[in-house]
Amino acid sequence: MNARGAARVAVIGGGQNCEHDVSLASASAVADALETAGYAVVRLTIERDGGWRHGAGGCPADLADAVHVLRTCDVAVPVLHGPRGEDGALAALCELAGVPYVGSGVLAGALAMDKWATKLVAADLGIATAPGVLLTPSTAPGYRWTRPVVVKPVAAGSSQGVTLVESPGELPQALDGAFALDRRVLVEDVVAGREVDVAVLGRPDGSRTVAPALEIVVDGLFDFATKYGGAADFRIPAELADTERKELEDAAVAMFDALGCAGVARVDFFLTAAGPVLNEVNTMPGFTEQSQVPKMFAAAGVSYADLLDLLVRDVIG
């Protein structure tokens, strides 16, 4: 089968979580680019209520219809961010339907989405993370604020539900916001350091390609509004000493492999005076042409269209 022209590609966006709109933007950009590259693109959308829509016009479909459509495709590109998508749920559906797909599998998606599990994997690899505690609705009342912390849902993305808490009075509202998105919440010490992202591409032959690192320069917390409002300053390549670059790249690849990632993943760090501190791993990061990962690969000379083409061809052969 010829990768271009003959390959039928399902691009899936949306999802039942707070990142629905972000996913729609990524999926639309991916579908448009693959169509321009000559693929026969089938657009599938998961609505907020769990319903499906098929095609550019958004014809309603149930799960059985969606699976039938998926089975007519040579490959699926899941472009969902967050729970019930990036967490391995959509990969599991593709596995059960027998449809090859781009990106990480069930276990890698689930582990990377769970920030607490990711911290445990990092600790076993000797990669630093911010000191933190895991809270649930039953344990949260016993937590006592003693210093500035960051409160975040264990399994969410796009900085949704993330709050910097600088005084005790701010804690209850921050916890409420995080618990609204997840029944487990992570409270971490504030890390003083530069925010540096590293993108890793895994190829079928086992090779790993690391794109030029990106530094996020922002005044304050890199929250949802800053991330998508255009206020952040992305600097690519990040200005790094050779030793810093190697430490970051080695830690990113180690996490990619330990979690079992595939395709592309973005590994986010704080670069401190003591070295890299892992923040999180994104197995399906934002994927418009202006998103961080495509920008990083563009800095390496790999265009948005070429990156998507490569990811698809790596799956269909």
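FYI, it's all coordinate maths here, none of it is from the lab. Just so it is clear, the model here is predicted, and its values are computed rather than measured. In this analysis, Cβ positions are derived from the backbone assuming ideal geometry, glycine residues included, and neighbour counts consider all displayed protein chains.
A few comments on the model shown:
- The strands (runs of 3 or more DSSP E) falling completely within region 1-86 that include 1 or more residues that are touching a Phe, Trp or Tyr at 6+ places or on another chain (Cβ under 9 Å) map to 8-14, 40-46, 59-61, 75-78.
- Residue in region 160-177 that is polar (S, T, N, Q) and closer than 22 Å to residue 286 by Cα present: yes
- Residues that are of a type in the set (Val, Ile, Thr), in contact with a Ser or Thr (Cβ under 7 Å, 6 or more places away or on another chain) and either touching a residue at least 12 places away in the same chain (Cβ under 8 Å) or crowded, with 22+ Cβ neighbours inside 10 Å (or both) occur at least once in region 282-289.
- Taking the numbered list (1) part of a helix (DSSP H, G or I); (2) within 20 Å of the chain's Cα centre (by Cα) in turn, residue 288 passes all entries but (1).
- Positions within region 13-56 being within 15 Å of the chain's Cα centre (by Cα) and either of a type in the set (D, E, K, R) or surrounded by fewer than 21 Cβ atoms within 10 Å (Cβ to Cβ) (or both), in sequence order: 18, 19, 20, 21, 24, 25
- Residue 116 vs. criteria assigned to a loop (DSSP other than H, G, I, E, B) and more than 20 Å from residue 30 (Cβ to Cβ): no
- Residues of region 233-262 classified as among the β-branched types (Val, Ile, Thr) and in a helix (DSSP H, G or I), total: 2
- Residue match in region 91-100 (condition: in contact with a helix residue (DSSP H, G or I) (Cβ under 7 Å, 6 or more places away or on another chain), farther than 27 Å from residue 153 by Cα and among the aliphatic types (A, V, I, L, M)): yes
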